[in-house]
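I have placed the structure first, in the form of structure tokens, so that the comments after it can refer back to it.
The values are calculated or read from the model by the stated rules, or taken from the named source; none is laboratory data. Everything numeric here is computed off the predicted structure, so don't read it as measured data. Glycine also receives a Cβ, built like all others from the backbone with ideal geometry; neighbour counts cover every protein chain displayed. Areas reflect the complete protein model, heavy atoms only, side chains present, ligands, DNA and RNA absent. Shrake-Rupley method; radii C 1.70, N 1.55, O 1.52, S 1.80 Å.
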Amino acid sequence: EKRKDVRFYIIGDGSLRKELERRTLELGIGEQVTFTGFVKDVEKIEAALDLAVITSKAEALCLSIIESMSAGIPAVGTDSGGVAEVIRHGENGFLVPVGDAEKLAERMEELLANAEKRKTFGAHAKKCAESLFLANQMTKRIEKLYLEAKK
């Protein structure tokens, strides 16, 4: 309602696609929403994004957010499971309570309205993704766990 200049990309496919397509039409935002379906080279889409959003009710380690953060994109996500392991509230994005659509929209608007904050959060997101989630970093942490368990 507040930002007619915003475009939404729902990347991927799944059992909720038909329902989401129906809802976009009901809400009158069909022109603002693109359903990409499965995308092999998601980095090409991510390069054009201002922010990533994850609205899971339950989530393990959120690979889609890690991928976005690796591209320097800040995120807004629900405080569900592994999402909170990736998004550092107020540092590389925002966490909101599961099911709180109003707070989700507020935080999205906050980042969309403030290019400097998006840039800062994006830089922190990239640094966080590189330091915590690159394969060599994860391997080092696993090795450390094994060595500590061996003692």
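Observations on the structure shown:
- Once the gyration tensor of the Cα atoms in the stretch 39-108 is diagonalised, the equivalent ellipsoid follows with semi-axes of 19, 13, 11 Å, ordered largest first.
- Accessible-area composition of the chain, carbon plus sulfur, in percent [1.4 Å probe]: 55
- Whole-number percent relative contact order across the chain, with pairs defined as alpha carbons under 8 Å at least 6 apart: 18
- Rounded accessible area per residue of the chain, 1.4 Å, Å²: 66
- Antiparallel DSSP beta bridges within the stretch 50-151, percent to nearest 5: 0
- Taking all pairs of distinct alpha-carbon atoms in the chain, Kirkwood radius in angstrom: 16.5
- The slack between Glu31 and Lys150, meaning 0.36 nm per residue of separation minus the straight C-alpha distance, is 37.1 nm.
- Amide hydrogen neighbours beyond the local backbone of Tyr9, cut-off 5 Å, H modeled: Thr34
- Ligands, DNA and RNA excluded, the heavy atoms of Ser64 present near 60 Å² of accessible surface to a 1.4 Å solvent probe.
- At full extension, Glu85 and Ala60 could sit 8.1 nm farther apart than now, given 0.36 nm per residue minus the alpha carbon distance.
- Interchain or long-range residues, amide H under 5 Å from Ile54's placed H: Val76, Gly77, Thr78
- Backbone N under 18 Å from the Asp100 label point (7 Å along Cα→Cβ), restricted to the stretch 29-60: 53-59
- With a simple spin-label model that places each label point 7 Å from the Cα along the Cα-to-Cβ direction, the separation between Asp41 and Ser131 comes to 3.2 nm.
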